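**Q** Please read through the structure below; I'll follow up with questions.
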Amino acid sequence: MPTHYKDPVIACDRRGATVDRPPGREGTRPLHELGWRGRGNPHERPLRFAPHTFVWSCPGCPPVI
Ligand SMILES: [Zn+2]
């Protein structure tokens, strides 16, 4: 299930693995360094605004991007 950008816990869309959203100003960069990948939810409408939900993959799953 896609993760809302304000959700304190990020969940892998495939297996349900979760990780706490990093608290710092770097955003989710520390997660990318651990192998997590996220992208805007392609099913979200309308698409003309920045997405509010993101699909994520954990380090053990095929990356979403
Ligand atoms: Zn996963």
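The values are calculated or read from the model by the stated rules, or taken from the named source; none is laboratory data. Quick caveat: nothing in here was measured; it's all calculated off a predicted structure. Note that we place each Cβ from the backbone using ideal geometry, even for glycine, and neighbour counts take in every protein chain shown.
**Q** Can you tell me which residue in the stretch 44-65 is nearest to the chain's Cα centre (by Cα), limited to those that are in contact (Cβ under 8 Å) with a residue 12 or more places away in the chain and away from the ligand (no atom under 16 Å from the Cβ)? Walk me through how you get there before you give the answer.
**A** Residues of the stretch 44-65 that are in contact (Cβ under 8 Å) with a residue 12 or more places away in the chain, as a first pass: 44, 51-65.
With away from the ligand (no atom under 16 Å from the Cβ) added as a condition, the list becomes 44, 51-53.
Values: 44: 14, 51: 11, 52: 11, 53: 8 Å.
My answer is 53.
**Q** Given the condition out of contact with any Leu (no Cβ under 7 Å at 6 or more places or on another chain), surrounded by fewer than 10 Cβ atoms within 10 Å (Cβ to Cβ) and aromatic (Phe, Trp, Tyr), answer yes or no: does some residue in the stretch 16-36 qualify?
**A** No, the stretch 16-36 contains no residue that is out of contact with any Leu (no Cβ under 7 Å at 6 or more places or on another chain), surrounded by fewer than 10 Cβ atoms within 10 Å (Cβ to Cβ) and aromatic (Phe, Trp, Tyr).
**Q** For the stretch 36-56, give me the residue count where each residue is in a loop (DSSP other than H, G, I, E, B), at pLDDT 90 or above and either hydrophobic (A, V, I, L, M, F, W, C) or at positive phi (or both).
**A** Total satisfying the criteria: 1.
**Q** Counting just the residues of the stretch 1-35 that are of a type in the set (Asp, Glu) and part of a loop (DSSP other than H, G, I, E, B), which one comes out nearest to residue 65 (Cα to Cα)?
**A** Going residue by residue through the stretch 1-35, those that are of a type in the set (Asp, Glu) are 7, 13, 20, 26, 33.
Checking which are part of a loop (DSSP other than H, G, I, E, B) leaves us with 7, 13, 26.
Numbers: 7: 20, 13: 13, 26: 20 Å.
Per the stated criteria, the residue is 13.
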